[in-house]
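**Q** Below is one structure. I have some questions about it.
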Amino acid sequence: MNPPLRRGSSGLDSICVFCGSNPGNGSAYRDAGADLGKALAERNIAVVYGGARNGVMGAVADAALAAGGRVTGVILTQLAHHEVAHERLTELHLVDSMHERKALMNRLSDGFVTLPGGFGTLDETFEVLTWSQLGIHTKPIGLLNVGVFDPLMAFLDHAVSEGLLRARDRAMLVVADAVAELLDRLAGFEAPRGDRWIQGP
C-alpha cells in the first residue's frame, strides 16, 4: 500500500525532520538540530518529527517551540509509555508500528530534512528517497551535513560511478552545510523528470 501523499499549495508548510534520539559526541549535532528548529519556526514552517524529547530530536523540537513554531510528533505507543515522548508539543500522534509512523510523518509533511542519527534516521531517509525514485511522491529531501555524513555522500557518489545508482536519482538528495542554504534550495526544488516505475499524482 502506497503511503498517503500531501503537497501544500503554498510551498513548504511543514518539514519532516529525521534525526537521532541520541545527542552524539560533543554539542555539534544538537546545535545543528537547534539551528534547524529555530530556522523552520522563523520561516513559519511547521516541524514534523519522531516525537522524542531527547537527543538531536529534542533539540529540534525545543528550539522550534521556543521560537514560536508548531511541532508535531509521531511516536510509537510503546516508546511514549517509557516516558520518551516530548510533553510540550503542539500535537502528538501515537502509532503502533514503524510503518504507520513513517506513513503518517510523510502525510503530514511537504518535504524532509535529515540530521545526524543512527539506523532509524538512515532507514527513514532512504525510504523517502526510494519513494521519490519510484514516483510515489515529488517532495524535496534534504540533508544537513554536519561532517558526519561525508562517508555516506562518498558512498552514494561511488554507487553512481559503479552504475548502481542513476545520477539524476542521486540528485534527489539535496545536501548543504548551512541551514539557510538547505531550506532555500528545498523551497526551489523540482523533482527530476522522466520515467518512474510508479506515477504519483
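The values are calculated or read from the model by the stated rules, or taken from the named source; none is laboratory data. Every value quoted in this text rests on a predicted model; they were computed, and no experiment measured them. For neighbour counting, all protein chains shown are included, and Cβ atoms are generated from backbone atoms with ideal geometry for every residue, glycine included.
**Q** Got a sec? Which of Leu134, Leu115 is buried (at least 18 other Cβ atoms within 10 Å of the Cβ), among the aliphatic types (A, V, I, L, M) and touching a residue at least 60 places away in the same chain (Cβ under 8 Å)? Working first, answer last.
**A** Working: Leu134 fails: buried (at least 18 other Cβ atoms within 10 Å of the Cβ).
Every option except Leu115 fails the conditions.
**Q** Right, here's the next one. Under the condition of being part of a loop (DSSP other than H, G, I, E, B) and small (Gly, Ala, Ser), which residue from segment 14-65 is nearest to Ala103 (Cα to Cα)?
**A** Just the residues of segment 14-65 that are part of a loop (DSSP other than H, G, I, E, B), to begin with: 19-27, 43-45, 50-51, 53-54.
Now narrow it down to the ones that are small (Gly, Ala, Ser): 20-21, 24, 26-27, 50-51.
Values: Gly20: 18, Ser21: 19, Gly24: 27, Gly26: 32, Ser27: 31, Gly50: 12, Gly51: 15 Å.
Once the filter is applied, the top-ranked residue is Gly50.
**Q** Still on this model: Within the group His99, His158, which residue is loosely packed, with under 15 Cβ neighbours inside 10 Å and within 27 Å of Gly55 (Cβ to Cβ)? Give the derivation first.
**A** Numbers: His158 fails: within 27 Å of Gly55 (Cβ to Cβ).
Just a single option satisfies the conditions, and that option is His99.
**Q** Of all residues in segment 77-96 being assigned to a loop (DSSP other than H, G, I, E, B) and crowded, with 16+ Cβ neighbours inside 10 Å, which is modelled with the lowest pLDDT? It would help to see each step written out before you state the result.
**A** Filtering segment 77-96 down to residues assigned to a loop (DSSP other than H, G, I, E, B) leaves 81-84, 86-90, 96.
Narrowing further to those that are crowded, with 16+ Cβ neighbours inside 10 Å: 84, 86, 89.
On the way: Val84: 87, His86: 92, Leu89: 96.
Residue satisfying both the conditions and the ranking: Val84.
**Q** Quick check on Leu183: is it surrounded by 19 or more Cβ atoms within 10 Å (Cβ to Cβ), modelled with pLDDT of 95 or more and touching a Lys or Arg at 6+ places or on another chain (Cβ under 9 Å)? Before the answer, list the steps.
**A** Working: surrounded by 19 or more Cβ atoms within 10 Å (Cβ to Cβ): yes; modelled with pLDDT of 95 or more: yes; touching a Lys or Arg at 6+ places or on another chain (Cβ under 9 Å): yes.
Yes.
**Q** When only residues in segment 161-173 that are assigned to a helix (DSSP H, G or I) and either small (Gly, Ala, Ser) or out of contact with any Leu (no Cβ under 9 Å at 6 or more places or on another chain) (or both) count, which is surrounded by the most Cβ atoms within 10 Å (Cβ to Cβ)? If you could, list the steps in order and put the result at the bottom.
**A** Residues of segment 161-173 that are assigned to a helix (DSSP H, G or I), as a first pass: 161, 167-170.
Those left that are additionally either small (Gly, Ala, Ser) or out of contact with any Leu (no Cβ under 9 Å at 6 or more places or on another chain) (or both): 161, 167-168.
Details: Ser161: 10, Ala167: 10, Arg168: 13.
Ranking the candidates gives Arg168 first.
**Q** All but one of (1) under 18 Å from Arg185 (Cβ atoms); (2) touching a Ser or Thr at 6+ places or on another chain (Cβ under 9 Å) hold for Glu124; state the number of the condition that does not hold.
**A** (1)
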